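A.B. asks: One structure follows; several queries about it will come next.
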Amino acid sequence: MNLKRLILMLDLFGNKPSFNINGHKSYKTVFGVIMSILLVIMSIIFSIIFNKELFLHKKPEIIETYKYNNFSIKLTNNNIFAFSLKNINSTNYIDESIYNININKIIITKNKNTNYNNYNYNNNDNNNNTFIIEKEKINYYICNNYSFNILQNYFNNLPLNNLYCLNLSDIEIQGEYMRDKYIYIDIEFNKCINNSNNNNNIICKSQEIIDEILNEGYIEIFMSNFGFLANNYKNPIYKYGKNIYRYFNIDKYIEFNIYMKETEIKSDIGIIFETYDNKKFVTLNIIIKN
């Protein structure tokens, strides 16, 4: 075997001997042309669909996981909360000579067999645990156009001078009832009563007028909330305003439970390799008890 033949054996792209028809290696037909055109069209269509899903993420796969933790949730000025009573004619009103409100942050801590004389406590748990209850006053004010840094088009169209607002910024809530630590916000609506505890020097209207006005009406709450758009991977979180109201009368007890849940969205925004983007927000779930 000479040197040239030895070198030619390294050629990986050599042509195999074959028959040609009119100088072509394959026999061309009209049917073959039609099928080739259809194959190209289908390839283009599937390529567009695949790349649309790959780059725009219009139909993402969603996996949900629910997990309880006892970590606190820190509220911000994006958590808007406005409220008042509404009369039977659907007009919101604030009148401390008829009703007043009391707002506290309640901190309940579970301790075993511990006596704290400075706090409220009761041993009503099956495991003989003591629940220590602390209260911290939360300030409120009458809403105005500067109360809202988001959703102004929604909130600024409300009757602000007849709504109370809470400054929830930097307030923390935590856990749930019967857990080791439970922090929540308690809002009470009370009839105006002339007594020594009336620190604002408000003179209440007569009991007959108060009873007539509060005989029936509505409790109304306006709030901000957050939603989730799965097909918008760049901006999946959107804000919206909502209101809830509930009929009441003077002889009926009404309780709103508004639960806050921290939601974390973990999105794989990578095209070839896994690249995750994390976003967190607080959503509200409302339960009304009669």
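Values quoted throughout were computed directly from the atomic coordinates according to the rules given, and no laboratory measurement underlies them. It should be emphasised that the depicted structure is a prediction, and the values quoted were computed from it without experimental measurement. Every residue, glycine as well, gets a Cβ built from its backbone with ideal geometry; the counts of neighbours run over all protein chains shown.
A.B. asks: What is the calculated FRET efficiency for Asn161 to Ser43, with r their C-beta to C-beta distance and R₀ = 45 Å, to the nearest 0.05?
C.D. replies: FRET efficiency, Asn161 to Ser43: 0.10.
A.B. asks: Which whole-Hz couplings ³J(HN,Hα) result when phi for each residue of region 218-231 is put into the Karplus expression 6.51 cos²θ - 1.76 cosθ + 1.60, θ = phi - 60°, listed in order with x for Gly and Pro?
C.D. replies: Along region 218-231, the couplings run 9, 9, 10, 10, 10, 8, 8, 9, 10, x, 9, 10, 5, 8 Hz.
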